[in-house]
């Protein structure tokens, strides 16, 4: 075969050839002839090169024969109607005609000759890898093969929706909503990159948004399959790229990496925000896209943004958001975000008002955002220190103690300033610390600098420990709270309520098997304090509930019940204010649910719900929603579908507003909704929900085993109901392995596992 004409071309010449070739391929025969005639008049050398490449393309493909003679059946699918076409092939709406179940797909039929025999073999092998991608924002690859005519095909999840750019226009999304939409796409790309897959062709046409407003990235991995780095330059000229959305290294024919996807994501974000390209000259037709992408500096968002943006919208496009986009659009891959995860992190930080983890914000901006981000921990610490200092300031009026109290007040001020100073980003080499890291740093400084002030330490460390618990870091909170208790025991002025508060927090984090001995010590101290005649009933109930709940998590139900019985005595002796005792009843309900004593669990949780109803202003919407979800779990275990539906309906608005799609907490809520569909026999509704949950929880390394166990039990029962006994057996085996890992395996998990096995056996599958 003679050497192709582009063998010695430079990057710009090669890019021009690529652009012209793909423009010609996309045209039908008459229009193609006219295009080539105009190209010959403009650039004879380029015309000759394009014609030589076109001679190596299958004639049917060039003249539309491939499109007009698409087979009626491809693999196990019947083609219904065309959805679109491109340089590499055509896409059809298709339906499965084997397997005994209905399935509609988007079937991509690659043009004959588009792949060599070697690449076809790789294509068939790699489609299995891509088929395992499970993410809520990725359209799944379902099947693939080679047709009888030798044309490779791929069956993708069919997504009914509009392209992302069209969705943004129709919905009239503001700047924040557009950034959030791209952040979800970036999270999907990051997930695939963690699985060693690069998309290489991210553009608006490859992202559809459904009626629910959620994006789906299409053709994920197709670019990898059709663009293998081991092949020669011949195939490079055949890449199905849209030049406008290609990264500089793709146009230059260089190696593509995760940074290639970052460039595409940055370009997508720019165009969705500005509704214009960063390359104004190419957009206006003053230069070609290849030259612009390789040589022109991207203009700023503010220069390109829509004129009808309100002033407040325009302001948000500057600063941090501008820096994120410009970093992503850097010409050199090494100057961009390292991967889609880093780009996604920056978008998440911008949306949350946090300093950017990439460190591209200035020190002043980082300090301002850090102080805003940690305002509640800082306020809590500041309030406790000022409260302690207030007493000292009052005492300054006592001449006899003036010098001593002045030293105490100065100590409290120094402690507060030290904690505030820890927010300086230079303490973290210019990067943004996680909130938990910042709090732990503050705890260390307080213990080092104020070891002689047990009252200050107890208050401040207890607040820090509480903050770490709220951040989902109970293991990090445990040593901080132990230090708070140690300071408490050195403070002769500490009262019973203060001690109960510190022990309550400590008990809440001592819930691992390794903590059992320490938890029993904490329980004994709480029980002794609760028995005092002058004890505050509300504080004692709260502490008894917390330690009882932790004991039940370790399977020590008898010890937990003894503490709950002590709480009953307090309730009988001292009536509480409206809303009091809510946490005691919730923990008691949780304990009974873990023991699978369902009637007792429902009764206790309903008491907790009544406490909230008595003083609704004292409880957050999420606190009430969490209680509704516990009641829904109990109703599901009892087989009470009506009650489960009622409680899920009450919790749903809060969970959907609080947690974005893909968040583990939202996935757990959806898992219980899938359980309800399963209980009602609504398999068609249960199956996709369970699949969405799996795509989140199975990729979350922090997902608790008990939630994963419940997911596998649900999947097993759905598979059995669909007659897929092998899949049901696989999910049951995965559930059994998870059950064996639980320390301890509580009656609730064992009972749900047994019930699932019975349901599967009754369906005709053997578990």
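The values are calculated or read from the model by the stated rules, or taken from the named source; none is laboratory data. All values derive from a computational prediction rather than experimental measurement. Cβ: placed from backbone, ideal geometry, glycine included. Neighbour counts: every protein chain shown.
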With the condition kept exactly as written, say whether any residue in the range 554-567 is closer than 20 Å to residue 488 by Cβ and within 38 Å of the chain's Cα centre (by Cα).
no
The conditions are (1) within 38 Å of the chain's Cα centre (by Cα); (2) at pLDDT below 60, and residue 108 fails exactly one of them. Which is it?
(2)
For the range 473-521, which positions are over 18 Å from residue 548 (Cα atoms) and in contact (Cβ under 8 Å) with a residue 60 or more places away in the chain?
none
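Any idea which of 115, 130, 141, 154 is modelled with pLDDT under 80, buried (at least 21 other Cβ atoms within 10 Å of the Cβ) and under 29 Å from residue 696 (Cα atoms)?
130
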As an exercise: evaluate residue 191 against (1) surrounded by 18 or more Cβ atoms within 10 Å (Cβ to Cβ); (2) touching a strand residue (DSSP E or B) at 6+ places or on another chain (Cβ under 8 Å); (3) part of a helix (DSSP H, G or I); (4) modelled with pLDDT under 85 and give the number of the one condition it does not meet.
(4)
Being modelled with pLDDT of 85 or more and touching a helix residue (DSSP H, G or I) at 6+ places or on another chain (Cβ under 9 Å), is that true of even one residue in the range 223-245?
yes
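Within the group 342, 365, which residue is assigned to a helix (DSSP H, G or I) and at pLDDT 85 or above?
So the residue among 342, 365 that is assigned to a helix (DSSP H, G or I) and at pLDDT 85 or above is 342.
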Within the range 443-472, which residues are in contact (Cβ under 8 Å) with a residue 40 or more places away in the chain and more than 25 Å from residue 495 (Cα to Cα)?
none
Which one is farthest from residue 347 (Cα to Cα), of the residues in the range 306-331 that are part of a helix (DSSP H, G or I) and modelled with pLDDT under 80?
311
Tally of residues being crowded, with 23+ Cβ neighbours inside 10 Å and outside any helix (DSSP H, G or I) across the range 495-540:
1
Can you name the residue in the range 743-760 that is closer than 25 Å to residue 516 by Cα and surrounded by 15 or more Cβ atoms within 10 Å (Cβ to Cβ) and, of all such residues, is nearest to the chain's Cα centre (by Cα)?
749
Candidates 601, 546, 560, filtered to the one that is surrounded by 21 or more Cβ atoms within 10 Å (Cβ to Cβ), over 23 Å from residue 535 (Cα atoms) and free of Cβ contacts under 8 Å to residues at least 60 places away in the same chain:
601
Condition (residue is surrounded by fewer than 19 Cβ atoms within 10 Å (Cβ to Cβ), in a helix (DSSP H, G or I) and free of Cβ contacts under 8 Å to residues at least 24 places away in the same chain) applied to the range 717-728: is it met by at least one residue?
yes
